[in-house]
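The values are calculated or read from the model by the stated rules, or taken from the named source; none is laboratory data. These numbers come from a predicted model, not from an experiment. Virtual Cβ from ideal backbone geometry, glycine too; neighbours counted across all protein chains shown.
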Amino acid sequence: MTEVPSDVIAMCKEAVADDAALRTALNEAEVTPMLLVYAQLTGDENLVKEVAPYIHGPWSFQHSLPDVMRQKVIEALVEALKSCANSDGPSQFASSPATMTHLMGAAAGRPVPEEYIPLLMEEMQFDERQNREVQWRKNPTTLPIKDFKVVVIGAGVSGICAAIYLKKMGIPFVVYERNAGVGGTWLENCYPGCGVDTPTHFYSFSFSPKKDWSRHFPKRDEILSYVETVVADHGIQDYIKFETEVKSAEYDEERGCWKVNAIDAKGTTIEVECNVLISAAGYFNRPSIPQIKGIDDYKGDMFHTARWDYNINLNGKRVAMIGTGASAMQAGPAIAPDVGHLTIFQRQPHWALYNPNYNKEMSAGNIWAFEKIPYFAKWVRFQMFWASGDGFHASLHKDPNWDKSEISLNEENHKLREDIIAHARKELEDEELLAKVIPDFPPYGKRMLRENNWYKMLKRDNVDLETGRISHITETSIVMQDGTVHEADVIIWATGFSAGRMLWPIDIKGRNGLSIRDAWGDDNPSAYLGISVPGFPNLFVTAGPNTFWSHGGSMIFASECQVRYILQGLREMIENGITALEVKPSVHDAYNEHLHKKASEMVWTHPNVHSYYKNSRNRLTVLNPMRLVDYWKATKDFKIADFNVSKLQDTAARGTGGNRMRSQSNEFEFEQRQ
């Protein structure tokens, strides 16, 4: 038990200032966060124990609380808020690890293992000291920080995260972004229905939560607006060089620096040197279009979902959408009511998980509580983290004794399969169509999609699902191998990205002129923790190989873990006069062997699973088979022993002038901004 923080008391005062508004909001707000706020403010867990049997999971629709008990929680919270506001109640509140473990278990509807508590306390930031910022261990005024230069490639969520952390530490940096704005994939993808698959209160930076999300799963415009707001709030827009694309980077071993070449919107070549190069280019930035015979003969309109052309009016048109992945499942239902006819070409069906909250707007009461009730938003963030975290991880492992191994992995995985099929059957009411949309691989073998009225769309009179193989494309149609002809005014490619060709098409050369393409080929990237590559000193990668999760997680969570790790590495360099950090090949190899062994026990080696998660050698290159908590532990502390190190005296002895970097660009000079 500790004293109630002053800011919490201030929030309580504001919350109880209008009793009618408070009660109106609480009648619409989610009950579990209210219960936990009450317990935290009072230290009383008795009500939690009374309510816990009615909480079956972290989602709001997994609660079966009787109205009388809900009202009991509301009244208890109102009294706790008033007591806190008036300072005539308990002057202490619950914060011990044991108590928080109990409360988290109640919120999750199941016990939360102790190993998760440090991660979750950090993720929710109940204490402002529990965050992912990197602090100097030496007096920064005595360090050569201003002489240390960093180039960041990309201003998506990972690049923005890196920029914010770099600025906080006072390390000079510049971000090169090829687009005209921030957001990365959220800027580039603007197709109808585009939105996030991760619940929004988890899909946001832990250090910049947004309390007024309009939906449980927001659409693209709101997410992009959030990203732009984060950039403005943290004052990093002046560090970003827009419409500037990095073309190449070469490591100068003698001088211990990277020479980066970029081209701006005017066609001017920018040459700059830096101590460290951070790639935040990501996975999903280069659309993939299959080279089907006759594609160049087509005379109609044609575009990829990631390059949606709003100049083309789809109303009344015959539209062919090739692909049934994430973008198709969002865009298809959005355009189906307007087009004349929509033919969807499916190579392989996907599993689509139904969530009652997916298309649900956030209640006004919830939004009020996020703003006014202390810790309410933090508890919702916990619930969404748990709902989208490691809960499904165990179900992705093969049970060697399972008797239905051709279609599922274990009892839990099979139950999920049957639940999804039951929902699809109910929606379709058509066994022939149902057979077309049920995959022959276990759930989570490919990306688990959100059911976005997809099955309702397939029942429309103006929608057809084509499951045959495409033979070729003519000037006006798509022709199947069985001779069927589908006339099309517009072809939309919903065929994903070149995820395996990571960092392509940037020409990156490391030690001894080693090209990243020679090291990785076109589809075989690997890195230690997905961050560091042998032969490429002082290169750090965010959203690198094996840093995407299939069972849950958030790319923002991964970015925060990776950026903290990278910044700890930069701290080692600056504080200890290190000019080069290069991960040891043995460390890299052992880590990747661990990933390979882990993956071999899981769903992706099922014989019916074929996806961009794996390369042509059947090696998992995109996904990380580890739990979120395992990756968090692995990246929490930078271990200098994992790296080969070169120090200032090593380069000085060769007469290279240490780590004095110079910018060769007239367009942008590194400078220390306050």
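Restricting attention to the stretch 502-515, the residues being under 26 Å from the mean Cα position of the chain (by Cα) and either buried (at least 19 other Cβ atoms within 10 Å of the Cβ) or aromatic (F, W, Y) (or both) number 5. Taken as a whole, the stretch 67-85 holds at least one residue that is more than 24 Å from the chain's Cα centre (by Cα) and hydroxyl-bearing (S, T, Y). Within the stretch 158-177, the residues that satisfy the criterion of being more than 15 Å from the chain's Cα centre (by Cα) and either surrounded by fewer than 21 Cβ atoms within 10 Å (Cβ to Cβ) or aliphatic (A, V, I, L, M) (or both) are A163, I164, L166, K167, K168, M169, G170, I171, V174, V175. Is it the case that I492 is closer than 30 Å to G535 by Cα, within 28 Å of the chain's Cα centre (by Cα) and either assigned by TED's automatic domain parsing to the domain that holds L581 or crowded, with 17+ Cβ neighbours inside 10 Å (or both)? No, not satisfied.
Contact map, the stretch 15-36: residues that are at negative phi paired with residues that are of a type in the set (F, W, Y) and buried (at least 20 other Cβ atoms within 10 Å of the Cβ), Cβ distance under 6 Å, separation 6+ or inter-chain. Pairs shown: A25/W368; P33/F376; P33/W379; L36/W379. Among helices (runs of 4 or more DSSP H) entirely within the stretch 571-674, having at least 1 residues that are modelled with pLDDT under 90 and over 30 Å from A262 (Cα atoms) singles out 648-652. Of all residues in the stretch 230-268, those being surrounded by fewer than 22 Cβ atoms within 10 Å (Cβ to Cβ), out of contact with any helix residue (DSSP H, G or I) (no Cβ under 8 Å at 6 or more places or on another chain) and among the aliphatic types (A, V, I, L, M) number 3. The residues in the stretch 30-71 that are crowded, with 16+ Cβ neighbours inside 10 Å, over 19 Å from H216 (Cα atoms) and polar (S, T, N, Q) can be counted, and the count is 2. Annotation: of all residues in the stretch 516-549 being among the polar types (S, T, N, Q) and buried (at least 24 other Cβ atoms within 10 Å of the Cβ), the one that is nearest to W632 (Cα to Cα) is T547.
For Y565, indicate whether it is within 20 Å of the chain's Cα centre (by Cα) and modelled with pLDDT under 90. Criteria not met by Y565.
Looking at the stretch 506-519, which of the residues that are without any contact (Cβ under 8 Å) to a residue 24 or more places away in the chain and not in a helix (DSSP H, G or I) is nearest to R178 (Cα to Cα)? Applying the filter and picking the extreme gives S515.
Residues in the stretch 31-56 that are in contact with a strand residue (DSSP E or B) (Cβ under 8 Å, 6 or more places away or on another chain) and in a loop (DSSP other than H, G, I, E, B): G43, H56. Just the residues that are closer than 20 Å to H216 by Cβ, surrounded by 20 or more Cβ atoms within 10 Å (Cβ to Cβ) and either of a type outside the set (A, V, I, L, M) or in contact with a Cys (Cβ under 8 Å, 6 or more places away or on another chain) (or both), please, taken from the stretch 332-360. Answer for the stretch 332-360, where residues must be closer than 20 Å to H216 by Cβ, surrounded by 20 or more Cβ atoms within 10 Å (Cβ to Cβ) and either of a type outside the set (A, V, I, L, M) or in contact with a Cys (Cβ under 8 Å, 6 or more places away or on another chain) (or both): just P333.
Here the stretch 254-302 is the region considered, the condition is being among the charged types (D, E, K, R) and within 29 Å of the chain's Cα centre (by Cα), and the residue that is modelled with the lowest pLDDT is R286. A435 falls short of the stated requirement of being of a type in the set (A, V, I, L, M) and touching a helix residue (DSSP H, G or I) at 6+ places or on another chain (Cβ under 8 Å). Only one entry of A280, A369 meets the criterion of being in the same structural domain as G577 (by TED's automatic domain parsing), surrounded by 24 or more Cβ atoms within 10 Å (Cβ to Cβ) and not basic (K, R), and that entry is A280. Against the test of being in contact (Cβ under 8 Å) with a residue 60 or more places away in the chain and under 30 Å from I574 (Cα atoms), the options V150, V182 yield a single qualifying residue, V150. Within the stretch 539-561, none of the residues are within 30 Å of G316 (Cα to Cα) and touching a strand residue (DSSP E or B) at 6+ places or on another chain (Cβ under 9 Å). Can you find a residue in the stretch 5-24 that is more than 16 Å from Q71 (Cβ to Cβ) and touching a Phe, Trp or Tyr at 6+ places or on another chain (Cβ under 6 Å)? No, the conditions are met nowhere in the stretch 5-24.
For the stretch 520-569, the set of residues classified as touching a Leu at 6+ places or on another chain (Cβ under 8 Å), within 24 Å of E254 (Cα to Cα) and either in a helix (DSSP H, G or I) or touching a residue at least 60 places away in the same chain (Cβ under 8 Å) (or both) consists of S532, F536, P537, N538, L539, F540, V541, L567, G569, listed by residue number. Scanning the stretch 575-605 for residues that are surrounded by 19 or more Cβ atoms within 10 Å (Cβ to Cβ) and over 30 Å from G510 (Cα atoms) turns up M602, V603, W604.
For the stretch 375-416, the set of residues classified as under 30 Å from A15 (Cβ atoms) and polar (S, T, N, Q) consists of Q383, S388, listed by residue number.
In the set I574, I640, I556, I566, only one residue is out of contact with any Gly (no Cβ under 9 Å at 6 or more places or on another chain), over 24 Å from F385 (Cβ atoms) and not polar (S, T, N, Q); that residue is I574.
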